[in-house]
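The values are calculated or read from the model by the stated rules, or taken from the named source; none is laboratory data. These figures come from a predicted structure and were not determined experimentally. Cβ sites come from the backbone with ideal geometry, for glycine too, and all protein chains shown count toward neighbours. Note: accessible area is taken over every heavy atom of the protein model, side chains too, but ligands, DNA and RNA are not part of it. Shrake-Rupley method; radii C 1.70, N 1.55, O 1.52, S 1.80 Å.
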Amino acid sequence: MDLIPIILVVVFFQSVVIRQPFPQIGEVIFGFLFVVVGLMLFVEGLEIGLFPIGESLAYALAKKGSLMWLMIFAFGLGFSTTIAEPALIAVAKEASIISSGSGLIENNQKTMDLYAMGLRLSVAISVGLAIVIGVLRILKGWPLYYLIIGGYILVMLMTIIAPDEIIGLAYDAGGVTTSTITVPLVAALGVGLANVIKGRSPLADGFGLIAFASLLPMIFVMAYGLLWF
């Protein structure tokens, strides 16, 4: 059911607008079946594994009563899930290729690898800090909109001084960090904490961590661009 809108759009434009038969129709159908099975397994995996472990870890650390370990866990979770994010790896690699081809960095493999890894690390560190801020917000009961509005004001200010070559990449970095690996565990952490802490609502207070994970990478990547260019 989730894939039907995609199928309808593709079939309509291929048949009505472009008016050409599907190229390699056998491979298209075969690939579609893989997508269906993959999505099914992915969703089941989230339900069985990632959501429960995120909530249980948040519950155990909150019950332990150690703020330090909770902050370390929050940072480690954000950093480790982001550094392994396939979308971020792909974007960082592509950015290094384009930057070297444009003469922004040296056109050799070592520099390209160093640039891509630096980009991934800056994003991963920013997400780790974002999750720490989000956890503190849940613990302290800070209004979400104050932090979000303040963060985007900072993004706008940095956009003014950041190199033009890094701005688009920085804005995209906010999206690629919130993908298949990061979102399930971070969302589970927020909901788990809100369930444990007295006076917190899982619906009102448990969500919002993903917003911070999208916001801080834009700031950090623009700062990274200021250092490189």
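Remark: the chain carries a charge dipole of roughly 720 debye about the Cα centre, counting +1 on each Lys and Arg Cβ and -1 on each Asp and Glu Cβ. Between Ser80 and Leu114, the modelled label-to-label distance comes to 2.9 nm, taking each label 7 Å out from Cα in the direction of the beta carbon. For segment 1-106, just say rounded, prolate or oblate: build the C-alpha gyration tensor, square-root its eigenvalues into a ≥ b ≥ c, call rounded for a/c under 1.5, and beyond that prolate if a/b exceeds b/c, oblate if not. It comes out oblate by the Cα gyration axes. Convex hull volume of the Cα atoms of the chain, normalised per residue: 172 Å³.
Can you tell me what percent of all Cα-Cα pairs in segment 72-152 are more than 18 Å apart? Each step should come with its number before you reach the end.
Details: 1724 of 3240 pairs.
Of the Cα pairs, 53 percent sit more than 18 Å apart.
So how many Å³ per residue does the convex hull of the Cα atoms of segment 97-229 work out to? List each step's numbers first, then the result.
Numbers: hull volume 12.8 nm³, N = 133.
Each residue corresponds to 96 Å³ of Cα convex hull volume.
For Ala204 and Leu33 in the same chain, what is the full-extension length gain: residue separation times 0.36 nm, less their Cα-Cα distance, in nm? List each step's numbers first, then the result.
Numbers: separation 171, 0.36 × 171 = 61.56 nm, distance 3.79 nm.
That pair, Ala204 and Leu33, stretches by 57.8 nm at full extension.
Just the protein heavy atoms count here, and of the accessible area of segment 1-122 at 1.4 Å, carbon and sulfur take up 73 percent.
Here's the list of lysines a cross-link from Lys63 could span, going by alpha-carbon distance under 30 Å and ignoring same-chain residues fewer than 8 apart: Lys140, Lys198. Taking 0.36 nm per residue of separation and subtracting the current Cα-Cα distance, fully stretching the chain between Ser15 and Thr180 would add 56.2 nm.
Each peptide in 3-14, 119-130, 95-106, 151-162 receives the mean, over its residues, of other Cβ atoms within 10 Å, and ordering these scores from highest gives 119-130, 95-106, 151-162, 3-14. Extension gain, Glu106-Met68: 0.36 nm per intervening residue step, less the Cα-Cα distance, totals 9.5 nm. Here's the list of lysines a cross-link from Lys110 could span, going by alpha-carbon distance under 18 Å and ignoring same-chain residues fewer than 8 apart: Lys93.
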